[in-house]
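Rule-based calculations on the coordinates, nothing more; no lab input. Computed from a predicted model, the values in this text were never measured in an experiment. Neighbour counts run over all protein chains shown; Cβ positions are idealised from the backbone, glycine included.
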Amino acid sequence: MRYHEKRFNVRRLVLLGTFTAIALILSYIEFLLPPIWSAVPGIKLGLANVMVIYVLYSLSLKDAAMVSLVRVFLSAILFGTALTLAYSLAGAVLSLAAMAILKKLGLFSEVGVSIAGAVLHNLGQILVAVIVLRTAEIGYYMIILTLTGILSGVFVGLVGSLLTKYIKFDWSKQK
Amino acid sequence: MNEEKLCAEVENNSPHSVKKRIRNDIILVLAIILFASIALLVMLALRSEGGAAVVTVNGKPYASLPLDKDAELIIQGEDGGYNILVIKDGEAYIREADCPDKICVKHRRISYSGETIVCLPNGVSVKIEGSGGGVDAVS
Ligand SMILES: [Zn+2]
């Protein structure tokens with residue numbers, strides 16, 4: 001792997017930290033917006049996924065996973081609860097897995113990958129909600145959340161692909 | 001030169017043309033919608049009319065009201081909070097509550113097995129259980 005040639009790369013670390021911080025800010029913006037469906041906390045548009053898509057395409061799955069998981073834990077600590085952590089974590093892991101697989105297939109654009117990520121993000125949260133609230137009724141909202149997932153996936157994917165196209169760093173450059 | 005390398009790599013990673021990939025994206029979206037619709041239909045087909053509204057406060061059983069009898073119940077929730085549960089025409093809903101979010105009051109009426117109204121601030125949950133009319137509808 002090209003990016004791991006250097007044993008220790010401060011530049012890359014700083015950039016990844018910055019991206020994680022931006023993802024965190026996006027989560028906070030979402031936290032301030034009214035929720036789509038308020039009965040289940042944590043079901044959101046997934047703006048932070050813009051950064052995950054960007055890192056996934058610009059760097060690697062490993063880096064994208066780091067940005068995503070650190071973001072999930074920090075936002076749960078800063079403006080969430082243990083419960084929202086469970087929701088977000090399930091969403092983030094499923095979403096990452098789906099995006100990694102679809103990207104590897106090479107059949108879809110960034111937008112398609114992002115849509116799958118957004119839908120799986122919501123699905124992961126619904127699964128946790130079904131377990132936590134012990135009710136299958138939440139499943140009925142799946143169709144709504146699937147549609148919102150597709151819409152947010154398109155938006156996030158477009159922004160993410162534009163970032164990937166126009167914002168490029170020389171990841172391995174060392175001073 | 002590094003940028004060239006990056007571009008080359010991006011192209012290597014995507015052997016399919018942009019047009020083809022956008023077409024695939026659309027197919028993906030349609031497949032997702034189809035899958036979600038089927039899942040929804042299956043869930044709607046499997047649901048059954050409930051027999052009783054079971055109330056719990058902080059997970060502890062509080063009351064159980066049969067759906068076939070119109071009734072009203074003031075549920076004493078967390079820290080003196082209250083929710084007024086109404087059973088009418090086989091449906092249950094919260095008419096009034098002192099919680100700040102009023103999510104439980106806005107929730108639509110419930111009557112099917114497994115449907116739940118939750119009031120998180122008051123720790124109150126109303127869940128429909130059992131099948132309707134005393135006769136097991138699922139055969
Ligand atoms: Zn309430």
Per-residue mean of C-beta atoms belonging to partner chains within 10 Å, peptide A:111-124: 3
From the mean inverse distance of alpha carbon pairs (Kirkwood) and the Cα radius of gyration, derive Rg over Rh for the range B:50-130. 0.92
Could you tell me the distance between the Cα centroids of the range A:44-86 and the range B:69-123, to the nearest Å? 35
Based on the mean of other Cβ atoms within 10 Å per residue, sort peptides A:147-153, B:55-61, B:27-33 so the most packed one is first. A:147-153, B:27-33, B:55-61
Around A:L61: net Lys/Arg minus Asp/Glu count, Cβ-Cβ under 12 Å: +2
Considering the zone a paramagnetic label at B:R23 would reach in this model (a point 7 Å from Cα along the Cα-to-Cβ line), which residues of the range A:91-123 have amide N under 14 Å from it? A:107-109
Total charge of the residues flanking B:K69 in space, meaning their Cβ is under 14 Å from its Cβ, with Lys and Arg +1 and Asp and Glu -1, is -4
Between B:K69 and B:M43, how high is the FRET efficiency from 1/(1 + (r/R0)^6) when r is the Cβ-Cβ distance and R₀ = 30 Å? Nearest 0.05. 0.60
Relative packing of A:116-126, A:100-110, which averages over residues the other C-beta atoms within 10 Å, highest first: A:116-126, A:100-110
